[in-house]
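Note sheet for the following structure.
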Amino acid sequence: MARALIDALVDHGVHEVFGLPGDFALPFFRHLEQNADRLPLYTLAHEPGVGFAADAAARWHGGPSVACVTYGAGALNMVNPIAGAFSEKSPVVVISGAPGVDEAGRGLLLHHQVRTLDSQLRIYREITCDQAVLDDPHRAPAEIARVLRSCREQSRPVYIEVPRDRVDAPCEPVVPLPPSSWEPAAVNACADEVMARLFEASRPVLLVGVEVRRFGLEGRVAELASRLGMPVATTFMGRGLLAESAAPLVGTYMGLAGRPEVRAVVEESDGLLMLGVLMSDTNFGVSGERVDPRATMVAADRGVRVGFHVYPDVPLDALIDALLERCAGRAAPAEGRVASALPVPPRGLVADAAAIHPRDIAAALNDLFDETEPMPVASDMGDCLFTAMDMVHTPLVAPGYYATMGFGVPAGLGISAASGRRPLVMVGDGAFQMTGWELGTCARNGWAPIVVVFNNASWEMLRTFQPEAGYNDLDVWPFARLAEGLGGRGYAVTTRADLKAALAAARADESRFQLIDIAIPRGAISDTLARFVGAIKGANRPPGT
Ligand SMILES: Cc1ncc(Cc2csc(CCOP(=O)(O)OP(=O)(O)O)c2C)c(N)n1
Ligand SMILES: [Mg+2]
C-alpha cells in the first residue's frame, strides 16, 4: 500500500517530501527512503518547519508537496503551518503514520494518543479539505485518488493517515480520477453577465489574487487583462502577479495602507472584477471605502458572485477561458491601455556610516538583484514582509493573510528544495527565534540560503499597536555568531556600508548558508507598515472618537 501511495504522489505531480519520522511512521519512511530517487526526502528539525517548508514548496510548484510526520506529537506539532496552508490555499499533502489497526483494538491507551485514537483526524478535518484513513487496503486506492484530486482542485491541504500495520499490505495501484465535472451552461451564463457588466461600467478594473497563482493561470489572466485593456491591480497576497506581462498593472491594492492612487482606481471602480481574490481583512480590512458589492464580481473557491447573483461550481480556469472566448481577437484599445504605473522600488543605497532603516534594506537588496539577478524571496511575518513590498519584482512566498510567524526560514528551505535555486529569506528577530534554527539542517540537505534578520530586538509590529507595553522589548541575540555554530557564515552589521559589503560577500559564498544580522534602531519601521498601522487604528477607532 505504501508503494501505491508513493506512486500516486508522483503521478499527481509531487516532487519532494519533507518529514520528521516517529515510531508510528517508521514503516512508511522506510518506503520513502527506498524511493528517494523518485521522491527526495528532506528531514527537518521540528514539525512546524516541515509544514512551512512543504507549504512553500507547494506554492512554488503551484501543485502538491508533502509533509510526512508521526502520529500525535508530530502531527499535532504541525497544526499551525497546515492551518496557514489551508487559509492561504496551498496544496500540502499531510501524511501521518498512525497506530496499527490491530493494536488500536487492544483497548490500551497508546503513547502519543490524545482523547481518542481519532482525535487527530478530527483536528485535521478542520484544517484540510479532504481526508482518508488507509485502514482498508481494498478501499485505499479510491480513497487516495479522491483525496489527491481534492488537493489539486481546491488547492488546499489534505490529510492521509497510514496505520503502521497496513503499510506493506497488498494494494491495487491508484488510478487518478478525471477532473470534477462542471456545467458549461452555468459557466457561459456567468461569463455573459460578467462581460455585460464590464462593458456597461465606465471604470472597469481587474483585481487579481492568490488563486491565479495557485492554479497557474497568470498567463491567461495577463492575456485577458490586455485584451480588455482595463487597469489591473493585485492584492497583497497576489503581489508580483502579472509583473512581467504587458498587462496594464497599476500596483498592489492595500486599501489605506497602500498607495492612494491604487486605492482610488480600485475603490472608485463601478465594475470591479476580482479573480482568485480572498475577501479577507488583510486585502480589504483597511479599505478607505467599503467596496460596493453591487459593483463587484468575485470569482474564488470554485464559485462566482456577480453583484448579488451567485453561480456555484464555476472553476476559475473555466470562467477565465469563457471570458477569453468572449473577447477573442480584441486587441486592447490603444488609447484605453493603462500605462503601467508601478511604483519605483528604492535603489541606490548610500553606503555610509549611517544606521540602517528598513527602507535601506529594500534598497540594498534591490541593488544586489540589479547587479546580479533577482533571487526568489521567502518572507516571515513582521516588518520584513512590509519591506518586501518595496522590492523589485521577484517570486515571493509569505504568510500575507494567515500572518503566522515562523514561516520565513523553513519556507526558504522549501524553496531551495523545490526550485534548486538559492533563495533570500527575510525574517525579524522574533520570528527567527521561533524557527530560524532550521538553518542547522542546511548542510545535510545541501542548501545555502541568504538570510537577512531584521534585528530590532523587538516585537516591533506589536509595539506599533501598543507602544506602552514593555513585553515587546527583546534581548539582543547574537545571530551572526549563532549562525557560525550552525554551519553557516554570519555577519553582524550596524551601518549601511557594512550592509552593502555583507550582502556582496554573502552572494559570493555559495558554500553554506549566509546570515546577515542587521541591527535596526528600535522604532524604525517601513513606510508601508506605518501606513498599515495608521489605517488599522483609524478603521478600529471607537465611533465618535
Ligand atoms: C506564531 C505567531 N505568534 C504570534 C504572532 C503575533 C505577532 C505578530 S507580529 C509579532 C512581532 C514580530 O516580531 P519580529 O521581531 O519577528 O518582527 P518585527 O515586528 O518586524 O520586529 C508578533 C508576536 C504571530 N503573528 N504569529
Ligand atoms: Mg523584531
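Every read-out reported here was derived from the displayed coordinates using simple, explicitly stated rules and does not represent laboratory data. None of the values given here were measured: they were computed from a predicted structure. Because the Cβ atoms are built from the backbone with ideal geometry, glycine has one as well, and the counts that use them run over all protein chains shown.
The convex hull drawn around the Cα atoms of region 49-134, when projected onto a plane and averaged over every direction, covers 5.4 nm².
Averaged over residues, the count of other Cβ atoms within 10 Å places the peptides 80-91, 18-29 in the sequence 80-91, 18-29, highest first.
Around the amide H of Leu396, modelled in the peptide plane, lie the amide H atoms of Val377, all under 5 Å away and 5 or more residues distant in sequence or on another chain. Kirkwood radius, region 81-212, all distinct C-alpha pairs, inverse of mean reciprocal distance: 17.8 Å.
Ala53: net charge of surrounding residues, Cβ under 10 Å, Lys/Arg +1, Asp/Glu -1, itself excluded?
Numbers: positive: none; negative: Glu16, Asp55, Glu438.
Around Ala53, the charge tally is -3.
How big is D for region 150-198, in µm² s⁻¹ as a whole number, if Stokes-Einstein is applied with the Kirkwood radius of its Cα pairs at 25 °C and 0.890 mPa s? Diffusion coefficient, whole number: 161 µm²/s. For the chain, the Cα-based Rg and Dmax, in that order, read 24.1, 76 Å.
Please report the equivalent ellipsoid semi-axes of region 165-319, computed as sqrt(5 x eigenvalue) of the Cα gyration tensor, largest first, in whole Å. Intermediate results must be reported in sequence, preceding the final value.
Details: eigenvalues 201, 73, 45 Å².
Its equivalent ellipsoid spans semi-axes of 32, 19, 15 Å.
Residue by residue, region 493-502 carries 3J(HN,Hα) couplings of 10, 10, 10, 5, 5, 4, 4, 4, 5, 5 Hz when phi is fed to the Karplus relation 6.51 cos²θ - 1.76 cosθ + 1.60 (θ = phi - 60°); x denotes Gly or Pro.
Beyond 17 Å, what share of the Cα-Cα pairs of region 1-117 is found? Please give it as a whole percent. Before the final figure, lay out each step's value.
Working: 3656 of 6786 pairs.
It works out to 54 percent of all Cα pairs.
Between amide H atoms placed 1.01 Å from N, distances below 5 Å from Gln131 occur with Tyr159, all of them 5 or more places distant or on a separate chain. At the listed q of 0.13 Å⁻¹, the Debye profile of region 1-48, built from one uniform point per Cα, gives log10 I(q)/I(0) equal to -0.28.
By average Cβ neighbour count within 10 Å, what is the ranking of 482-491, 371-380, 175-184 from highest down?
Details: 482-491: 18.3, 371-380: 20.6, 175-184: 11.2.
Descending packing order for the listed peptides: 371-380, 482-491, 175-184.
Each residue of region 457-467 was assigned a 3J(HN,Hα) from its phi angle through the Karplus curve 6.51 cos²θ - 1.76 cosθ + 1.60 (θ = phi - 60°); the sequence is 6, 6, 7, 5, 4, 5, 5, 5, 8, 9, x Hz, with glycine and proline shown as x. Computed 3J(HN,Hα) for region 312-321, one whole-Hz value per residue from the Karplus formula 6.51 cos²θ - 1.76 cosθ + 1.60 where θ = phi - 60°, is x, 6, 10, x, 4, 5, 5, 5, 4, 5, glycine and proline marked x.
Based on Cα atoms of region 427-545, Rg over Rh with Rh as the Kirkwood radius reads 1.08. The calculated 222 nm mean residue ellipticity attributable to helices in the chain amounts to -11000 deg cm²/dmol, summing -39500 (n - 2.57) over DSSP H runs of n ≥ 4 and dividing by all residues.
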